[in-house]
Amino acid sequence: MPDVILYRESSNDQGTFGTLICKDAGLQIRILELPDRNNEARMSRIPAGKYKVVPFNSPKFGRCWMVTGVPHRSYVLFHKGNLAGDTRQGWKTHSHGCLLTHTYRGRLGRQTAGLNAQRAFSEMRSKIGLNATFNLIIIELC
């Protein structure tokens, strides 16, 4: 089971941006998550640590991956999306605790966003494989 490492690099009310790397698969993409709100369900990114990630068939997102073993949380998914802001601060979100793939950072309206999400998700799918199980290691750099 390969290790996939997420390096969290910056965070504010508009989201947490990081880089996801799997050396075994030759993968390096960007990830956008919610800001840290003490692991509050649907409002916060998950805590740094090590998790098992398994294939999952989502009714909303189709075939993706689910992060398991997150304390007090369920259905934390990897899927495509552009925004992960704190809605209580007036920002928009496509994440309710999930990890959103993207290729580069930009803006959608007045909000910082992860762009080219489909391309990043397709790259992750082709390099890791949608049937693959892997370890996710999250490291805080911010």
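Details
- Screening ALA41 on (1) farther than 22 Å from CYS142 by Cα; (2) out of contact with any strand residue (DSSP E or B) (no Cβ under 9 Å at 6 or more places or on another chain); (3) not charged (D, E, K, R) shows it passes everything except condition (1).
- Annotation note: Cβ proximity below 8 Å between a residue of segment 95-109 that is among the basic types (Lys, Arg) and a residue that is surrounded by fewer than 13 Cβ atoms within 10 Å (Cβ to Cβ) (sequence gap 6+ or interchain) occurs for no pair.
- Residues satisfying the stated conditions in segment 110-121, i.e. surrounded by 13 or more Cβ atoms within 10 Å (Cβ to Cβ) and without any contact (Cβ under 8 Å) to a residue 24 or more places away in the chain: ASN116, ARG119
- Residue match in segment 110-118 (condition: out of contact with any strand residue (DSSP E or B) (no Cβ under 8 Å at 6 or more places or on another chain) and modelled with pLDDT of 95 or more): yes
- Evaluation of HIS79 against the conditions (1) buried (at least 20 other Cβ atoms within 10 Å of the Cβ); (2) touching a His at 6+ places or on another chain (Cβ under 7 Å) shows that the sole unmet condition is (2).
- Just one of the listed residues (THR101, THR16) is surrounded by 15 or more Cβ atoms within 10 Å (Cβ to Cβ), in contact with a Phe, Trp or Tyr (Cβ under 6 Å, 6 or more places away or on another chain), of a type in the set (Val, Ile, Thr) and assigned to a strand (DSSP E or B), namely THR101.
- Filtered by the rule that a residue be out of contact with any Lys or Arg (no Cβ under 6 Å at 6 or more places or on another chain), outside any loop (DSSP other than H, G, I, E, B), of a type in the set (S, T, N, Q) and more than 21 Å from SER11 (Cβ to Cβ), segment 104-134 gives SER122, SER126.
- When ARG45, ARG30, ARG8, ARG73 are checked against the criterion of being charged (D, E, K, R) and over 12 Å from the mean Cα position of the chain (by Cα), ARG73 stands alone in meeting it.
The values are calculated or read from the model by the stated rules, or taken from the named source; none is laboratory data. Since the model is a prediction, treat every value here as computed from it, not as a measurement. In this analysis, Cβ positions are derived from the backbone assuming ideal geometry, glycine residues included, and neighbour counts consider all displayed protein chains.
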